[in-house]
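Novice: If you scroll down you'll find the structure; I have some questions about it.
The values are calculated or read from the model by the stated rules, or taken from the named source; none is laboratory data. What you see is a predicted model, and the numbers here were worked out from it, not measured in a lab. We place every Cβ from the backbone using ideal geometry, glycine too, and count neighbours over all the protein chains shown. We work out accessible area using only protein heavy atoms, side chains counted, and drop any ligands, DNA or RNA first. Shrake-Rupley method; radii C 1.70, N 1.55, O 1.52, S 1.80 Å.
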Amino acid sequence: MGDVTSLVDTIATIEEAAPEQLKARVRQEAGQQLVAIRFAGGSVGVLDVSASPGSVWASVLRNLHELAQPVYVEINPATDLITQVLQPKLQPVGAIEPAENRADMRVEFLRSHSRHFLRRTHPRYAAMLQLLREAQAKNLSVWVTDSLNTHEILDVRPSQTSGGKSETR
Amino acid sequence: MGISFQRARELFDLVNSKVCCPSSANAPCIPFLYPDDGCWGRAHEMCRLIMAAGDLPRKIWIQGNLRVASSNQPTCLVQWSWHVAPTLQVSTWSGDQPYVIDPALFQEPVPQHVWAGIQGDPAPTLTPTGPEIFHLFYAPDTYDPTYAKTNTVLNTYRNELKLRAASGDGPPPYFSCMSRGRGVQWFGMLEPNATRRWFTWGWPASWHVFWTVMPVTPCPGGPQLAWRVAAERASASDCTYWVTVTNLTGDRVKFEGRYNVLN
């Protein structure tokens, strides 16, 4: 059993004061301001917005909620605390070719000028590569989440599904 | 007839004044400090601002295996397959030349060959266009006359800038990509509204040392940092300085601790 659940989904509601049972799971400390994020698929995450990074993550989550766009979050299943927030982007898929190291794949997204990499070591490498190739062949867009600094692809979802799937790693 | 370099610099300063504070990044700021992606949105917004000021820009698009050193990326490197920025025709002693307005890469307008030359590909493909082209390489987004797509792109990369600033790496710039210049004793970062004290020892007490603190995280609009200096006579010959720095903002701020020996 891993210690982080990753989730890509749209936000159903943001509760500015987290319910008591969620506060108890987090073991709320003095000064913390806990906000509950309820996702369309039924999952819940808790964010402490009294300090960074939670305050900054909350502003990004509110923005993506207003736009009805999915978000990528990592949640500690023991406490329901959100431990990472990333922003999926809707991308048409361009060229998919071996990276310079020959082990990984370099993926071109048509609404991006950055270089993106699909690492062979990712546990869902084969499934994500297949999704990318299908999207490329059918001229479809996919929701893509990549890492903040190295632009390694962490998650790929078809654009017509609303997410809600989670995994534990 | 081209414009003067001075006018080009004024227009550069105009667009650069819209730079986003990394942690708050409120619209309508431009996320120049997130160089990784979104250049076509930045370029379209810059062209809008330049045209609103009464000048007529064009755009220059570059394609290739582009690798650009940047202290605003935690890995110190951005890798692109293409890039775009506005250009202005500037009068020079050898005739009119295109100068590029790209605050993500430079601190002033630069000749087009200089802009292309730092992007790491010895034989890139350069394509000039009018300002109306929003995206040269993705047909459904070729034009954006209402700036709706521009605003979507800018919103996306404001969010990326905020998420990066909130990460363990903090806001740009990244100290691992920087060398300490002459007179810089240390680099530091302060959380929002925080106060912290640094000390530096072994300074000859006979020296008259002047300490200043300079933010390196851009965030126009108000003062970011305040500081005070205390001194300790640690021995007959040496002293220790205690520098207390306060972040006056609600955003994380990085800074240089600077000294100058006045005697």
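Novice: At q = 0.21 Å⁻¹, what log₁₀ I(q)/I(0) does region B:179-261 have when each alpha carbon counts as one equal point scatterer in the Debye sum?
Specialist: The Cα Debye sum returns log10 ratios of -0.95.
Novice: Using just the helices of the protein assembly as shown, give the 222 nm mean residue ellipticity in deg cm²/dmol: DSSP H runs with n ≥ 4 each add -39,500 (n - 2.57), and the total is spread over all residues, rounded to 500. Numbers along the way, then the final one.
Specialist: Numbers: 7 runs with 85 residues, N = 432.
Theoretical 222 nm ellipticity from helices: -6000 deg cm²/dmol.
Novice: Taking 40 Å² as the minimum loss, tell me which residues in region B:17-56 lose that much accessible area going from the chain by itself to the full protein complex (1.4 Å probe).
Specialist: Checking the loss per residue gives B:D37.
Novice: Report B:V153's accessible area, 1.4 Å probe, all protein chains in place, as a number in Å² to the nearest 10.
Specialist: Here the residue's solvent-accessible area equals roughly 20 Å².
Novice: Summed for both chains, how many Å² of accessible area, to the nearest 100, are buried between B and A with a 1.4 Å probe?
Specialist: Interface between B and A: roughly 2600 Å².
Novice: When the accessible area of each residue in region B:152-177 is compared between its chain alone and the complete protein assembly (1.4 Å probe; ligands, DNA and RNA ignored), which residues differ by at least 40 Å², being lower in the assembly?
Specialist: The answer is B:N155, B:N159, B:E160, B:K162, B:L163, B:A166.
Novice: Tally Lys and Arg at +1 and Asp and Glu at -1 over the other residues with C-beta under 15 Å from the C-beta of B:P192: what net charge comes out?
Specialist: +1
Novice: A follow-up question, please. What are the residues whose amide H is under 5 Å from the amide H of A:D146, where those residues sit 5 or more places off or on another chain and H is modelled from the backbone?
Specialist: A:L154
Novice: Could you derive backbone 3J(HN,Hα) for region B:56-64 from the dihedral phi with the Karplus parameters 6.51, -1.76 and 1.60 (θ = phi - 60°), listing whole Hz in sequence and x where the residue is Gly or Pro?
Specialist: Using θ = phi - 60°, the values come out as 10, x, 10, 10, 10, 10, 10, 10, x Hz.
Novice: When ligands, DNA and RNA are left out and all protein chains stay put, how many square angstrom of accessible area per residue does region A:14-169 have with a 1.4 Å probe?
Specialist: 46
Novice: Going by accessible area, probe 1.4 Å, with all protein chains left in place, what is the ranking of B:E45, B:E10, largest first? Can you show the working numbers first?
Specialist: Working: B:E45 10, B:E10 85 Å².
The ranking, largest first, comes out as B:E10, B:E45.
Novice: Which ³J(HN,Hα) values in Hz, rounded to whole numbers, follow from the phi angles of region A:41-50 under the Karplus curve 6.51 cos²θ - 1.76 cosθ + 1.60, where θ = phi - 60° and Gly and Pro get x?
Specialist: x, x, 6, 10, x, 10, 10, 8, 9, 6
Novice: What is the packing order of peptides B:217-225, A:63-71, taking the mean over residues of other C-beta atoms within 10 Å and listing the highest first?
Specialist: Output ranking for B:217-225, A:63-71: A:63-71, B:217-225.
Novice: First compute the accessible area of the protein assembly as shown with a 1.4 Å probe, then give the percent of it belonging to carbon and sulfur atoms.
Specialist: Values: 10110 of 19380 Å².
Percent of accessible area from carbon and sulfur atoms in the protein assembly as shown: 52.
Novice: Probe of 1.4 angstrom, ligands and nucleic acids ignored: what's the accessible area per residue over chain B, in square angstrom?
Specialist: Accessible area per residue, chain B: 44 Å².
Novice: When only C-alpha pairs under 8 Å and at least 6 residues apart count, what is the relative contact order of chain B, in percent?
Specialist: Averaging sequence separation for qualifying contacts and normalising by length gives 21 percent for chain B.
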